[in-house]
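Report on one structure; see the data block that follows.
The values are calculated or read from the model by the stated rules, or taken from the named source; none is laboratory data. Note that this is a predicted model, so its numbers are computed, not measured. Here the Cβ positions follow ideal geometry from the backbone for every residue, glycine too, while neighbour counts run over all protein chains shown. When the accessible area is computed, the model is the full protein with side chains, heavy atoms only, and any ligands, DNA or RNA have been set aside. Shrake-Rupley method; radii C 1.70, N 1.55, O 1.52, S 1.80 Å.
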Amino acid sequence: MTKGKGILDNLLVKLIIAIAIGILIGNFVNEPIMEVISTIKYVLSNLINYIVPLIILGFITPAIVSLNENAGKVLSITLIICYISSIGASFFSYIAGTLIIPHLNIVNDSANAKKLPELLFQVDIPPLMAVMTALVTSILIGLAVIWTKSGRWEELLKEFNNMILALVNKVVIKILPVYIATTFAELSYEGVIVSQFPVFLKVILIVMLGHYIWLLLLYLIGGAISKTNPMEVIKHYPPAYLTAIGTMSSAATLSVSLKCSAKSKTLDPKIRDFVVSLCSNTHLCGSVLTETFFVMVVSQILYGKLPDVGSMILFILLLGIFAIGAPGVPGGTVMASLGLITSVLGFDATGTALMLSIFALQDSFGTACNVTGDGAIALMVTGIFKKVPGRDGNPPYKGDLS
C-alpha cells in the first residue's frame, strides 16, 4: 500500500524501465562491467538494510503512541479486526501457495547459472540494531510513552516519524530504481530471468484472484455480523477501487472511499467515517496477501524450496503488526517488512530486491483490495455495535451524508 501522491508520480513507470534496462544490460555486458554493477548493488543493499531498523522505529512507535489519542472501544475493535483480516489473508495466501506453487514448474537452476564476478570492493554499513531488536524497542517505547503520558516524547516521535519519512522518500525511493536495475542485471547475467519470467506473470494473476476471494469473504462476514446485505456496501465501491488502481495510494483515495461508503444505507455515519479513515492506514489485507505469496515464489525460484512452516507462521504473525505501521511510501508494506524477510525467512540481497520489484508491479491492485476491504470492516463494526441505521432505535438512513 502507498500513501502520499507526490512521491509515487511515475514511480511504477521508473521501476518497469529499471527492470527492462537491468535485463537488457545483463544480457550483453562483459565481466568487468558486471563487477561494477554488482559492487553498486552491494553498496545500495547495505544502505537500504541500514535504514530498515530506522523505518521500524520511525513508524511502528508513533503508530502505537497515536492510539492513545483515539482510545475507545470502536478503535480497539477496529484495529483487532484489521489485524485478524491481515493475518487471515496471509494464512489464506500461504495455504494457497503451498498448494499452487509446486505445480508452477518453478525449477531452481542455480547449478547451471552463470557465476557472478567478484566485487571490486566491499563497503559494509552495519545497521544500528537488529530488526527484531528494533521491533521490540518500538513496542516498548510506544507503550512507555502511553503509560507515562509524556507529551514531549509524543511530539518527538512525531518529528522522528516525519524525519524518517523524508529519509525514505529522498533516499530509499530515489535509489530504488537503480537498486532494482542492478538486481535484474545480475539475474539476467546469471540466466535466471528468461526461464522464470512466465512464472512472474502467472503469480500476479493468481494473487489478483486471491484479492477477490478475500474481499468476498470479508463482505460475507460483514453481512453476517450486521445481518444486512453486503451488496448494499460493495456495490458503491467501484469508483474507489478504480481510483486506488490509478493512485496506488489509500490516502489519495480516502476522499473517494468516504464518498462511496456514504452512499450505503447500512453503515452508521459516525462509525463509517471513523473506520474508513482509520483503515486507510491500518487495513492492508491485499498487500500482505500479495507479499506472503510472493515471498514463497521468490524462495522457490532463488533457493529451490519454500520457507519452512515455522518461519512462515512467525513471518505472518509479525507481518500483521508491521502492516499497521507501514510507512507512506510506494510498496510501504514490503519495505517496512524487509527486516522480516531477511531475518525470519533468510532472504539475501537478491531475494529482497526481487521482492521489491514484483511487489511494485501489482501494488496498485493490492491497494485497491485494501481500500475496498475497508467497507467490509466498517460493516462489521457497525454490526458489532448494533448501529445499523433504522434498527434498534437508530436513526434511519438519510441519504448521502458525506
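With the structure loaded, tell me whether ILE33 is part of a helix (DSSP H, G or I), buried (at least 17 other Cβ atoms within 10 Å of the Cβ), more than 29 Å from the chain's Cα centre (by Cα) and at pLDDT 85 or above or whether it fails that test. Talk me through it step by step, then tell me what you get.
On the way: part of a helix (DSSP H, G or I): yes; buried (at least 17 other Cβ atoms within 10 Å of the Cβ): no; more than 29 Å from the chain's Cα centre (by Cα): yes; at pLDDT 85 or above: yes.
Taking the combined requirement at face value, the residue does not satisfy it.
Against the numbered list (1) open to solvent by 10 Å² or more (accessible area, probe 1.4 Å); (2) part of a helix (DSSP H, G or I), LEU319 comes up short only at (1). Taking the criterion of being surrounded by 24 or more Cβ atoms within 10 Å (Cβ to Cβ) and outside any helix (DSSP H, G or I), the residues of segment 275-306 that qualify are HIS283, LEU284.
Does segment 95-103 include one or more residues that are at pLDDT below 75 and open to solvent by 30 Å² or more (accessible area, probe 1.4 Å)? Explain how you work it out, then say what you get.
Filtering segment 95-103 for residues at pLDDT below 75 gives none.
No - not one qualifying residue is present in segment 95-103.
For LEU135, state whether it is at pLDDT below 80, closer than 21 Å to VAL344 by Cβ and surrounded by 11 or more Cβ atoms within 10 Å (Cβ to Cβ). So LEU135 fits the description; yes. Of the numbered criteria (1) at pLDDT below 80; (2) open to solvent by 10 Å² or more (accessible area, probe 1.4 Å), the one ASP348 fails is (1).
Among the numbered conditions (1) modelled with pLDDT of 90 or more; (2) of a type in the set (A, V, I, L, M, F, W, C); (3) open to solvent by 80 Å² or more (accessible area, probe 1.4 Å), the only one that PHE92 does not meet is (3). Can you confirm whether segment 282-295 contains a residue that is over 22 Å from LEU218 (Cβ atoms) and among the small types (Gly, Ala, Ser)? Looking for residues that are over 22 Å from LEU218 (Cβ atoms) and among the small types (Gly, Ala, Ser), one finds none in segment 282-295, hence no. Could you go through segment 5-16 and let me know if any residue there is among the polar types (S, T, N, Q), open to solvent by 20 Å² or more (accessible area, probe 1.4 Å) and either modelled with pLDDT under 85 or in a helix (DSSP H, G or I) (or both). The answer is yes; a qualifying residue exists. Among the residues of this structure, ILE173 does not count as one that is β-branched (Val, Ile, Thr) and over 24 Å from ILE48 (Cα atoms). Restricted to helices (runs of 4 or more DSSP H) entirely inside segment 185-253, those with at least 2 residues that are over 30 Å from LEU267 (Cα atoms) and modelled with pLDDT under 90 are 192-226.
Name, by its number, the condition in (1) open to solvent by less than 10 Å² (accessible area, probe 1.4 Å); (2) closer than 26 Å to LEU215 by Cα; (3) at pLDDT below 90 that does not hold for LEU354. The single condition LEU354 does not satisfy is (2). Any residue in segment 380-392 that is out of contact with any Pro (no Cβ under 9 Å at 6 or more places or on another chain), under 20 Å from LYS41 (Cα atoms) and at pLDDT 80 or above? Within segment 380-392, none of the residues are out of contact with any Pro (no Cβ under 9 Å at 6 or more places or on another chain), under 20 Å from LYS41 (Cα atoms) and at pLDDT 80 or above.
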